[in-house]
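The structure under discussion appears below in the form of structure tokens.
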Amino acid sequence: MMNSAKTKILSILLLFLCIPIFGQQTRLELADKYFSQFAYNSAIRLYEGAEKRGNKDWKIYAKLGDCYYNTSRPEEAVSNYERAIERKKKINTSYLLKYALSLRSCGASQDMIIDAFQEYYDKIGKKEKLRVRTLIDDPELKIENLEINSEFSDFGSFIYDDVLYFSSSRENPTKKKRINRKLYKWNEQPFLDIYSAKIDRTVDSLRLIAPIDSTLIDINTVAHESAVAITEDGTTMYFSGGAVDGSGKLIYNKSNTSILNIHRARFINNRWTIVEEDKADLEFLNYDLYSMGSPSLSPDNKRLFFVTCAPFPEAKGQTDIYYIDIKEDGSYGDINAVPGINTSYREGFPYVSSEGDLYFSSDGIYDDQLSVGLLDIYKVEDIDRVISKEIEAENVKIEHLESPINSDKDDFSYYIDEYADESNPCEYYAYFSSNRDFPTARGDDDIYRVRIKKPKTINGKVTDSSNQKPLREVFVHLIDSAGVILKTVQTDSEGNYNLDVECDQFYRLRASKTYFNDDLKEFNSGIDSDNINLELAPYPCEITSPIGFDFGSDLINVKEKFNLLKILKLLLSDPEVKIKIESHTDSRGSDENNQDLSERRAENTKQYLIDSGVLESQILSVTGFGESCPLYSDEEINNSPQKERETKHAQNRRTRFILSICDDDQNDCNGPDRDN
């Protein structure tokens with residue numbers, strides 16, 4: 001089961017902040033008021049008291065189910081939701097959803113879980129059949145529980161200038177939040193504060209920075225503070241926090257609820273400070289009745305992501321992920337939902353990596369598959385293309401991260417340490433938070449990290465070496481050190497390719513295309529450039545020297561069979577290569593006999609190739625030209641010295657092999673290269 005205090009914290013931060021408010025102070029109305037202010041334990045006592053006194057209304061059981069659900073007691077939640085569902089045939093689908101989630105959390109059978117989710121699916125009009133997601137374990141990933149974790153709730157990660165910022169509900173002995181004893185009592189833990197830990201890169205460890213020594217102490221108040229995002233230049237911080245007045249007391253809205261806002265602070269005189277301008281600039285984003293939280297910046301700092309349960313027109317679920325653009329002058333654009341990822345469930349904790357990939361947590365259903373735990377971590381590549389609608393919302397590919405990053409409990413707040421370690425360029429740390437059962441788990445939520453092999457993509461362009469034009473549909477093969485072809489891709493219309501490889505490995509790249517010679521290059525993915533261009537030299541139209549024949553003979557002699565090996569190897573290695581065979585005689589003998597002789601020579605050459613394994617379809621045509629197309633005319637031969645005449649007659653007796661892609665006008669009659 002999930003740890004109870006953990007879900008209280010998350011609920012207060014984001015996930016269950018849109019609760020209706022009730023009126024007068026009767027016993028039941030007091031329970032409703034406690035419920036609306038997240039005092040679930042107090043509400044449980046009053047609701048159960050009403051039930052024992054005979055009030056069996058379905059709303060009592062539904063509220064009890066919610067109280068137990070929000071305090072991570074799924075067994076009790078299940079029993080109360082079941083009673084509510086029995087009494088209210090057309091119950092709100094949100095209760096069906098939480099009933100199904102509770103069944104999964106308390107380890108019910110897969111059949112029961114699937115049936116419960118399927119009933120919810122049917123009620124909301126979805127016809128698809130649900131499937132159970134398989135948790136795939138990556139044996140190479142080993143997670144580490146950080147020593148900075150406490151017995152309380154510690155979660156969220158952001159690193160700037162070798163300092164890890166995180167949130168914790170641990171008691172700060174220098175700053176007890178006495179003003180808010182009421183809420184402190186409900187949660188049974190102190191409010192969240194932002195803490196920091198110094199990362200020592202030399203020994204690969206983290207050292208907690210005491211809050212009293214940290215400049216962050218100036219933005220910690222009596223309210224909750226969490227979810228840090230700092231701009232690349234280190235001058236501006238966004239974070240989630242409650243509202244306080246000038247005397248430092250919590251501000252409650254008209255519903256007597258302290259909600260979360262997104263705050264902006266500036267690093268001024270070595271201190272994080274919130275100025276009036278920061279408050280005014282974000283007034284449009286913060287609402288009196290709905291919390292806004294989990295701010296996260298895009299890598300270029302031009303977009304701010306956040307989470308809310310506010311009922312915007314694009315809202316889909318209990319909490320959704322939105323974004324606003326940050327303009328050049330520092331002003332903000334309109335609020336928009338991130339396309340393709342929000343569901344009728346809970347989405348939260350967005351983070352965009354330097355590669356432009358969005359990571360987030362959800363207990364929603366994607367591809368008709370249930371999450372493995374409650375909150376699972378997902379990834380969407382190149383979120384800018386999704387937001388720009390280059391990728392349509394219905395085509396967004398949502399990737400479920402493997403175990404041990406995801407577990408059967410809550411997993412959230414994924415973050416990648418982008419530090420470039422020159423001594424180990426092929427790995428990086430990813431941080432995430434979880435309430436999983438783990439041998440060294442310390443508190444309700446702990447921060448974990450895992451060392452991950454850095455993904456690497458090589459790319460390049462393939463061109464024709466004869467004219468430097470890009471070549472499309474070239475096969476590019478990735479080959480390992482043992483000679484095994486690992487992957488094969490084709491170039492696009494501009495001759496470009498890209499391949500994902502492992503870092504610090506030796507590889508070969510071979511580019512191949514019909515009618516071109518292969519290009520082979522070797523590289524080390526940890527050292528060499530990521531950009532590897534290749535050039536292919538086109539075959540000459542006449543791909544081998546002509547073969548000769550004895551005078552008056554149509555038989556291929558032993559010497560010429562040896563000369564045919566080149567064309568044989570080419571045709572046998574690539575069945576896509578197609579040729580035309582042309583045969584010629586010298587001028588001695590009658591025109592009729594020479595025409596017949598050239599045709600027999602061409603046919604015999606074709607048959608020899610077929611008998612050697614060449615496909616008949618590779619030989620498009622065989623043509624005998626007789627004596628009509630000599631390399632040397634009779635006049636040239638007669639004017640030559642006597643010892644050269646027979647040689648020139650022999651050169652006229654030839655059979656040529658022409659690539660099918662070449663122009664038909666490839667004759668060599670009296671050609672300029674005849675002496676080669």
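The values are calculated or read from the model by the stated rules, or taken from the named source; none is laboratory data. Quick caveat: nothing in here was measured; it's all calculated off a predicted structure. Note that we place each Cβ from the backbone using ideal geometry, even for glycine, and neighbour counts take in every protein chain shown.
Taken over region 259-280, the criterion of being among the small types (G, A, S) and either under 27 Å from Q37 (Cα atoms) or surrounded by fewer than 13 Cβ atoms within 10 Å (Cβ to Cβ) (or both) is satisfied by A280 alone.
Would you please name the residue that is surrounded by the fewest Cβ atoms within 10 Å (Cβ to Cβ), looking only at residues in region 311-332 that are assigned to a loop (DSSP other than H, G, I, E, B) and touching a residue at least 60 places away in the same chain (Cβ under 8 Å)? My answer is P311. For region 268-280, state whether one or more residues are farther than 21 Å from T308 by Cβ, modelled with pLDDT under 75 and of a type in the set (A, V, I, L, M, F, W, C). No: zero hits. Evaluated against (1) surrounded by 23 or more Cβ atoms within 10 Å (Cβ to Cβ); (2) in contact with a Phe, Trp or Tyr (Cβ under 7 Å, 6 or more places away or on another chain), A337 falls short on exactly one condition, (1).
Quick grid of which residues meet (1) among the aromatic types (F, W, Y); (2) touching a residue at least 12 places away in the same chain (Cβ under 8 Å); (3) more than 23 Å from I661 (Cα to Cα); (4) in contact with a Gly (Cβ under 6 Å, 6 or more places away or on another chain):
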site: L555; (1), (2), (3), (4): no, yes, yes, no
site: L572; (1), (2), (3), (4): no, yes, no, yes
site: V577; (1), (2), (3), (4): no, yes, no, no
site: G624; (1), (2), (3), (4): no, yes, no, no
site: E627; (1), (2), (3), (4): no, yes, yes, no
site: Y632; (1), (2), (3), (4): yes, yes, yes, no
site: I637; (1), (2), (3), (4): no, yes, yes, no
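For E29, the requirement of being more than 28 Å from H224 (Cα to Cα), assigned to a helix (DSSP H, G or I) and either at pLDDT below 85 or not assigned by TED's automatic domain parsing to the domain that holds S413 (or both) is not met.
Listed by position, the helices (runs of 4 or more DSSP H) enclosed by region 55-129 that each have at least 3 residues that are of a type in the set (F, W, Y) and closer than 24 Å to K316 by Cα are 110-123.
Within region 469-492, the set of residues being surrounded by fewer than 17 Cβ atoms within 10 Å (Cβ to Cβ), assigned to a loop (DSSP other than H, G, I, E, B) and over 23 Å from the mean Cα position of the chain (by Cα) comprises K469, R472, E473, D480, S481, A482, G483, V484. Set side by side, the residues S465, S512, S529, S481 differ, and just one is free of Cβ contacts under 8 Å to residues at least 12 places away in the same chain and at negative phi, which is S529. Of everything in region 575-599 that is under 60 Å from the mean Cα position of the chain (by Cα) and surrounded by fewer than 16 Cβ atoms within 10 Å (Cβ to Cβ), the residue that is nearest to E616 (Cα to Cα) is P575. From the residues in region 406-442 that are over 20 Å from K142 (Cβ atoms) and without any contact (Cβ under 8 Å) to a residue 24 or more places away in the chain, which one is surrounded by the most Cβ atoms within 10 Å (Cβ to Cβ)? Across region 406-442, the extreme among qualifying residues is A420. Summed over region 586-623, residues that are farther than 24 Å from E576 by Cα and either touching a strand residue (DSSP E or B) at 6+ places or on another chain (Cβ under 6 Å) or in a helix (DSSP H, G or I) (or both) total 11. With respect to being free of Cβ contacts under 8 Å to residues at least 60 places away in the same chain, small (G, A, S) and under 27 Å from Q37 (Cβ atoms), S362 fits the description. If you go through region 535-557 and keep only what is outside any strand (DSSP E or B) and within 30 Å of V476 (Cβ to Cβ), you end up with A537, Y539, P540, C541, I543, T544.
This table checks each residue for (1) surrounded by 15 or more Cβ atoms within 10 Å (Cβ to Cβ); (2) within 22 Å of L374 (Cα to Cα); (3) modelled with pLDDT of 90 or more; (4) out of contact with any Asp or Glu (no Cβ under 7 Å at 6 or more places or on another chain).
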{"site": "E48", "(1), (2), (3), (4)": "yes, no, yes, yes"}
{"site": "K63", "(1), (2), (3), (4)": "yes, yes, yes, yes"}
{"site": "C67", "(1), (2), (3), (4)": "yes, yes, yes, yes"}
{"site": "Q118", "(1), (2), (3), (4)": "yes, yes, no, yes"}
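Scanning region 580-608 for residues that are farther than 23 Å from K561 by Cα and of a type in the set (K, R) returns a single hit, R588. So, of the residues in region 379-405 that are outside any strand (DSSP E or B) and either under 10 Å from the mean Cα position of the chain (by Cα) or of a type in the set (F, W, Y) (or both), which turns out to be surrounded by the most Cβ atoms within 10 Å (Cβ to Cβ)? Residue satisfying both the conditions and the ranking: I383. Counting only residues that are assigned to a loop (DSSP other than H, G, I, E, B) and either buried (at least 16 other Cβ atoms within 10 Å of the Cβ) or under 26 Å from the mean Cα position of the chain (by Cα) (or both), region 493-517 holds 9 of them.
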